[in-house]
Amino acid sequence: MSEPIHIISLGAGVQSSTMALMAAKGEITPMPMCAIFADTQAEPQEVYDYLKYLTPMLPFPVYIVTHGNLEQDFLKALERPESRCGQPPFYVWNDSKQMEATLWRKCTKEYKLDPIRRKVRELSGGSSVVQWIGISLDEAHRMKPSGVRYIENRHPLVDLRKSRHDCILWLARNGYREAPKSACRFCPYINNKRLRRMRDTQPLDWKKLVSFDHLIREKQRAVNNGARITGTIYIHRSCKPIDEVDLSNEDDSGQADLFGNECEGMCGV
């Protein structure tokens, strides 16, 4: 029986970038066959910039795969109810019931997991695969099996007892730039602190976020409140337009960091 091949699931965030660079330096073995970056075409520019910075320093190839543009696909699905889209877990305000709910999260599977698995099958040639996931010790509750027979998930940072902060320190000690947190710019799991940072230091990404947030409700109004969805969709938990939200609030009544809910470990790493 042939040895399994090792592949990194790369998000170009702090943890997965640290894991890839540690492998490049021989601190995690064996050397991976490659890394795979699943592009939702909606990451902040700093993630794409870091991926461009990181790739030449790795002794193995980085493959970029995509299911499409998540932002555009979601808007098309609002216009055409017969369309389907791996929707993010946006917040929905039902005015008649005076209550908030969330959409069922499908984005991770369709825009991260599935494209990576398609590439894994292409590369593996029938061999079993060990897929490295960039979950750190402080997020160990996100660990889970792959759910498919031919892939075994491995969590090297947890094995090494490294937290996200440890990863930041490792990057600094070894002379690398600090990596960003990898997540779509409109992810509803992003907390107020990161939204403030985007607003204050990433004006182009903030402009795109505000535009998308408003477009969602424009599309809903154009098709009789979205047809498939009862209620008004918002990116922020406050159920207000993102550019009207008080982002100074860090407690649970504002926007807490909810990446612990993203159990596949594909986002935020």
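Tabulated data
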{"quantity": "Any hit, the stretch 62-83, residues being among the hydrophobic types (A, V, I, L, M, F, W, C), within 21 Å of Arg173 (Cα to Cα) and in a helix (DSSP H, G or I)", "calculated": "no"}
{"quantity": "Lone unmet requirement of (1) over 18 Å from the mean Cα position of the chain (by Cα); (2) under 30 Å from Phe212 (Cα atoms); (3) open to solvent by 40 Å² or more (accessible area, probe 1.4 Å) for Arg117", "calculated": "(1)"}
{"quantity": "Filter pass, Glu100 being part of a strand (DSSP E or B) and charged (D, E, K, R)", "calculated": "yes"}
{"quantity": "Pair list, Cβ < 7 Å and 6+ apart or interchain, from the stretch 225-243 residues that are within 17 Å of Glu71 (Cβ to Cβ) and among the basic types (Lys, Arg) to residues that are open to solvent by 60 Å² or more (accessible area, probe 1.4 Å) and modelled with pLDDT of 90 or more", "calculated": "none"}
{"quantity": "Hits in the stretch 4-61 - residues which are in a loop (DSSP other than H, G, I, E, B) and hydroxyl-bearing (Ser, Thr, Tyr)", "calculated": "Thr29, Thr40"}
{"quantity": "Single residue of Arg161, Arg185, Arg177 found to be part of a loop (DSSP other than H, G, I, E, B), modelled with pLDDT of 95 or more, basic (Lys, Arg) and at positive phi", "calculated": "Arg161"}
{"quantity": "Matching option when the condition is under 20 Å from Asp213 (Cβ atoms) and either open to solvent by 20 Å² or more (accessible area, probe 1.4 Å) or without any contact (Cβ under 8 Å) to a residue 12 or more places away in the chain (or both), among Glu110, Glu27, Glu79", "calculated": "Glu79"}
{"quantity": "Residue selected from the stretch 180-208 under the condition within 18 Å of the chain's Cα centre (by Cα) and aliphatic (A, V, I, L, M), by the criterion nearest to Tyr53 (Cα to Cα)", "calculated": "Ala183"}
{"quantity": "Failed item in (1) open to solvent by 30 Å² or more (accessible area, probe 1.4 Å); (2) under 13 Å from the mean Cα position of the chain (by Cα), with Glu46 passing the rest", "calculated": "(2)"}
{"quantity": "Those residues of the stretch 49-68 which are open to solvent by 30 Å² or more (accessible area, probe 1.4 Å) and not aliphatic (A, V, I, L, M), in sequence order", "calculated": "Asp49, Lys52, Tyr53, Thr55, Pro56, Pro59, Pro61, Tyr63, Thr66, His67"}
{"quantity": "For Trp206: the one exception among (1) in contact (Cβ under 8 Å) with a residue 24 or more places away in the chain; (2) buried (at least 18 other Cβ atoms within 10 Å of the Cβ); (3) not small (Gly, Ala, Ser)", "calculated": "(1)"}
{"quantity": "Failed condition for Gly13, given (1) within 16 Å of Lys112 (Cα to Cα); (2) touching a strand residue (DSSP E or B) at 6+ places or on another chain (Cβ under 8 Å)", "calculated": "(2)"}
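Matching residues to (1) more than 30 Å from Gly26 (Cα to Cα); (2) modelled with pLDDT of 95 or more; (3) in contact with a Cys (Cβ under 7 Å, 6 or more places away or on another chain); (4) of a type outside the set (Asp, Glu):
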residue: Leu70; (1), (2), (3), (4): yes, yes, yes, yes
residue: Asp73; (1), (2), (3), (4): yes, no, yes, no
residue: Cys85; (1), (2), (3), (4): yes, no, no, yes
residue: Glu100; (1), (2), (3), (4): yes, no, yes, no
residue: Leu169; (1), (2), (3), (4): no, yes, no, yes
residue: Ala172; (1), (2), (3), (4): no, yes, no, yes
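The values are calculated or read from the model by the stated rules, or taken from the named source; none is laboratory data. Source: prediction; values computed, not measured. Heads up, the Cβs are rebuilt from the backbone with ideal geometry, glycines too, and the neighbour counts pull from every protein chain shown. Ligands, DNA and RNA are excluded from the accessible area calculation, which covers all protein heavy atoms including side chains. Shrake-Rupley method; radii C 1.70, N 1.55, O 1.52, S 1.80 Å.
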